[in-house]
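S.K.: Let me begin by handing over the structure; questions about it come next.
Readers should treat all values here as calculations from the given coordinates under stated rules, not as data from a laboratory. For clarity, every value in this text was computed on a predicted model and none was experimentally measured. Cβ placement follows ideal geometry from the backbone for every residue including glycine, while neighbour counts extend to all protein chains displayed.
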Amino acid sequence: MTTAKTKAAVAVLIIIVLIAVAAMYFMYLAPGKEILTVKGEPEVVYGEEKATIKLVLENTDAKATAKVARVEYVVFVRGIYAERGHQILDVTIGPKSTGTVTVETPWTEEYTGKAEIRLTFTYTYDGSTSTLKYTVKA
């Protein structure tokens with residue numbers, strides 16, 4: 001036979017679980033389908049002190065306009081962290097269209113053939129914020 005205390009404890013536990021599930025949904029699943037993708041291969045030009053990476057980003061959504069605001073880059077040489085930084089962008093990509101983004105990162109000749117550049121683009125659309133991650137092998 002169950003008592004009122006046991007029923008109350010079970011009810012409180014169920015409420016806590018429901019709140020946790022709702023919080024997880026809104027934090028991880030709801031915000032941000034990714035509407036930007038990289039189209040084709042990047043064009044990379046290596047200079048003496050910087051590398052210039054040109055990427056064509058495609059907006060796959062039929063209605064939303066994506067605004068790319070920032071790109072963060074991390075350079076790894078043979079898997080070891082070398083440099084990091086960010087660049088502020090102002091690129092708007094309309095629905096079902098493409099846009100070109102140019103990113104400049106620090107570069108030295110010793111990186112050539114051994115490095116990878118990890119890019120993280122931060123963009124907004126319809127009041128939501130999302131990210132696109134892309135890696136360039138160099």
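S.K.: Check each of the GluC sites (Glu not before Pro) in region 33-138 and keep only those in coil by DSSP with at most 15 other C-beta atoms within 10 angstrom; list them in order.
M.R.: Taking region 33-138 and a limit of 15 other Cβ atoms within 10 Å, the loop GluC sites (Glu not before Pro) found are GLU34, GLU48, GLU49.
S.K.: Here is a further query. Let me check against my output: what whole-number percent is the relative contact order of region 36-137, with C-alpha pairs under 8 Å and at least 6 apart?
M.R.: On the way: 242 pairs, mean separation 31.8, N = 102.
Over region 36-137, the number comes to 31 percent.
S.K.: Dipole of the chain, Cα-centred, from +1 at each Lys and Arg C-beta and -1 at each Asp and Glu C-beta, to the nearest 20 debye?
M.R.: Details: 16 positive and 15 negative charges, 172 e Å.
That gives a dipole near 820 debye.
S.K.: Just one of (i) 1.24; (ii) 1.15; (iii) 0.99 is Rg/Rh (Cα atoms, Kirkwood Rh) calculated from these coordinates, so which is it?
M.R.: (i)
S.K.: Give the residue from ASN59, PHE121, ALA11 lying farthest towards the positive end of the charge dipole for the chain; charges sit on Cβ (+1 for Lys and Arg, -1 for Asp and Glu) and the dipole is referred to the Cα centre.
M.R.: Of the options given, the answer is ALA11.
S.K.: With θ taken as phi - 60° and the coefficients 6.51, -1.76 and 1.60, list the Karplus ³J(HN,Hα) couplings across region 82-90 in order, rounded to whole Hz; mark glycine and proline as x.
M.R.: Per-residue couplings from phi come out as 10, 8, 8, x, 8, 9, 8, 10, 9 Hz.
S.K.: Here's another thing I want to ask about it. Angle between the Cα long axis of helix 4-24 and the longest principal axis of the chain, 0 to 90 degrees, nearest 10?
M.R.: The helix 4-24 is inclined about 20 degrees to the chain.
S.K.: What ³J(HN,Hα) values, in whole Hz, does the Karplus curve 6.51 cos²θ - 1.76 cosθ + 1.60 give for region 126-135 when θ = phi - 60°, with x put for Gly and Pro?
M.R.: My calculation for region 126-135 gives 6, x, 9, 10, 9, 10, 10, 10, 8, 10 Hz in order.
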